Amino acid sequence: MGRSSSATAAGSKKRRSKTGALTLGEVKTLGEELLSSRANLNHAPTLLALLSPSAPLDLALEALISLQSFFVPLLPSIPSAAATAAAAAGDADPELVFRSWLRKRFDELVAALVELTVSPHSDDAIRDLALDALMDFVKLGKDGRFQSAIYHKFIHNLIHATDSIDPLLELLGPKYFIYTDVCYFTYTSLDKIASSIGNKATGSEKSGLHSGDDGPEDRGTIYVRNIYNTLAHIPALDFQESKFNMWSTVGLSSKGEKNSSEDCSATYINKKLKSKFSKAWISFLKLPLPLDVYKEVLATIHKNVIPSMSNPAIFDFLTRSYDIGGVISVMALSGLFILMTQHGLEYPKFYDKLYALLTPAVFMAKHRAVFLQLLDACLKSSYLPAYLAAAFAKRLSRLTLSVPPAGALIIIALIHNLLRRHPSINFLVHWEIDANDSEIFNEASQRKKVGADPFNNEETDPAKSGAMRSSLWEIDTLRHHYSPAVSRFVASLENDLTVRAKTTEMKITDFSSGSYATVFRDEVRRRIKQVPLAFYRTTPTCLFQESDFPGWTFRDQFKNMAETSVEGNGISTVDISNSSPAKRLRMET
């Protein structure tokens, strides 16, 4: 039997040397001989050479199946890398030499599987099979522990891929990210990789925001984008569950870690998982993020990240984002508001930054609905100083002069709530000057003469804006707004808002998503009780009245009517067609 196997292998080598390639039947024969006896171990390197994205698909699939069947039973006996190095350093018995050889071939197999999985040139069939084989090796290690070294090598190559990794993530998501231990070790690897990338970044690149306008993306930016895509494909974890679905037999214990009964408890798993989740996100947020990734993170961080963190330590990231200004600050407000209200974190000059964000552009931004709702929530506290509430009311009032009709509706609702919550600023609606106070009366009279408003709209400090000495005169102009919806809605501010029992707060959610389309749609759907009609007691004979245009005369003209004008002693006839406008007859003496 051994002779026939040797003869077959020798014949295969001769055929391969002549033709330069193996046939499918020869590959199957090599696989069967490899599984049958140790005497055919040299077939393993031949089959390993076929595990390449450029190899024929049928040969690669057959070689992969044979090698997986060969190595799976031997996984418990494969030594570690340290033991392999010790065996190579000194004289060892044949068994150690064999195991050392196995370790080298197994490392080559893992490297080939990672390449097949990550490479964009791999066929979908070989990629799917290579991923399954790789995860089997991760699962079926020594003592049933999760082989974190193999998995980390896979995640490292996944993040450092320069081509799109979306097809691979679409496989990982529903197939393996449903297991708690796979998510746990994914977060562990991403934490290490993100920290390594952050240490290599220069001081200028650690600002947290990379514009991406400098031409093609560099490798560092691609790696950051891959980390985010991987984090985004991991489904939201339910930390309230009492049972967790594990891929490996032991659970969260990796190779080399001791296992105890406490490691299997739900409390322990929740604690470990939250810790790794937090570390992975914190390490990622320290990297220079591309602008599009930065916006995506800010748009979802308050929903998908902060509630799942063991200790929300991303305060620095949010405050840094809030200080940037513009749309970035608007998007960072959600996460910052949650940290301040639910976790007791303090941010000095929070309202100063919020005051500076109130510009006409924010009422046309994509995320204006969430921002305006948070703005109303931030101004809800009864402990807000009167000068601060007045400054926000006046700033919003000034914005009504330049925002679209939908923005004016939102501002009216916001000012309505401010006046109702803070009765101390109701003097802005109707401010009476005491004539007995000569200084204030003279100052008010002087301002009235020149038409000046003491409010400084360019001032970024609410305390220095002068809102307490001003009034909401801009709101009065909305009575004559060109949009009927605005002119009708402004009447709600005429009520006495200091009587809280007779008034209710307005829901900003009903107005925050407004636009030109919503205003027009609501106006079209509105039922009108009285319709204005053009009614004349007598039939009009001309388009304009003579009193409308002094010096001009309008009379009814017949088609082709001849008019005679006397100029001196001569007489001239003028023909006026029906299409020509009526002309004033000029009489010259």
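Taken over the stretch 377-394, residues that are surrounded by fewer than 20 Cβ atoms within 10 Å (Cβ to Cβ) and either among the charged types (D, E, K, R) or not assigned by the TED database to the domain that holds Glu458 (or both) amount to 1. Kindly indicate whether Pro288 is under 21 Å from Tyr228 (Cβ atoms) and modelled with pLDDT of 90 or more. It is true that Pro288 is under 21 Å from Tyr228 (Cβ atoms) and modelled with pLDDT of 90 or more. Screening Glu458 on (1) in a helix (DSSP H, G or I); (2) at pLDDT 90 or above; (3) of a type in the set (Asp, Glu) shows it passes everything except condition (1). Could you tell me whether Val370 is modelled with pLDDT of 90 or more, among the hydrophobic types (A, V, I, L, M, F, W, C), in the same structural domain as Thr359 (by the TED database) and open to solvent by 10 Å² or more (accessible area, probe 1.4 Å)? No; evaluated as a whole, the condition is false for this residue. Residues considered: Ser397, Ser321, Ser310. Of these, the only one that is under 18 Å from the mean Cα position of the chain (by Cα), hydroxyl-bearing (Ser, Thr, Tyr) and either assigned to a helix (DSSP H, G or I) or not assigned by the TED database to the domain that holds Ser278 (or both) is Ser321.
Considering only residues in the stretch 24-51 that are assigned to a loop (DSSP other than H, G, I, E, B) and modelled with pLDDT of 90 or more, the one that is surrounded by the fewest Cβ atoms within 10 Å (Cβ to Cβ) turns out to be Ala49. Would you mind telling me which numbered condition in (1) crowded, with 17+ Cβ neighbours inside 10 Å; (2) under 28 Å from the mean Cα position of the chain (by Cα); (3) in a helix (DSSP H, G or I) Glu170 fails? Among (1) crowded, with 17+ Cβ neighbours inside 10 Å; (2) under 28 Å from the mean Cα position of the chain (by Cα); (3) in a helix (DSSP H, G or I), Glu170 violates only (1).
Within 25 Å of the chain's Cα centre (by Cα), open to solvent by 30 Å² or more (accessible area, probe 1.4 Å) and under 23 Å from Gln68 (Cα atoms), is that true of Leu140? Here the answer is no, as Leu140 does not meet what is asked. Only one of the numbered conditions (1) modelled with pLDDT of 65 or more; (2) farther than 30 Å from Arg421 by Cβ; (3) of a type outside the set (S, T, N, Q) is violated by Val490, and that is (2). Screening Arg398 with (1) more than 19 Å from Ala517 (Cα to Cα); (2) open to solvent by less than 20 Å² (accessible area, probe 1.4 Å) gives one miss only, at (2). Scanning the stretch 101-126 for residues that are surrounded by fewer than 20 Cβ atoms within 10 Å (Cβ to Cβ) and either outside the structural domain of Pro56 (by the TED database) or closer than 16 Å to Pro167 by Cβ (or both) turns up Glu115, Ser119, Pro120, His121, Asp123, Asp124, Ala125.
The values are calculated or read from the model by the stated rules, or taken from the named source; none is laboratory data. For clarity, every value in this text was computed on a predicted model and none was experimentally measured. FYI the Cβ positions are ideal-geometry reconstructions off the backbone, even for glycines, and counts take in every protein chain you see. Side chains included, ligands, DNA and RNA excluded: accessible areas come from the protein's heavy atoms. Shrake-Rupley method; radii C 1.70, N 1.55, O 1.52, S 1.80 Å.
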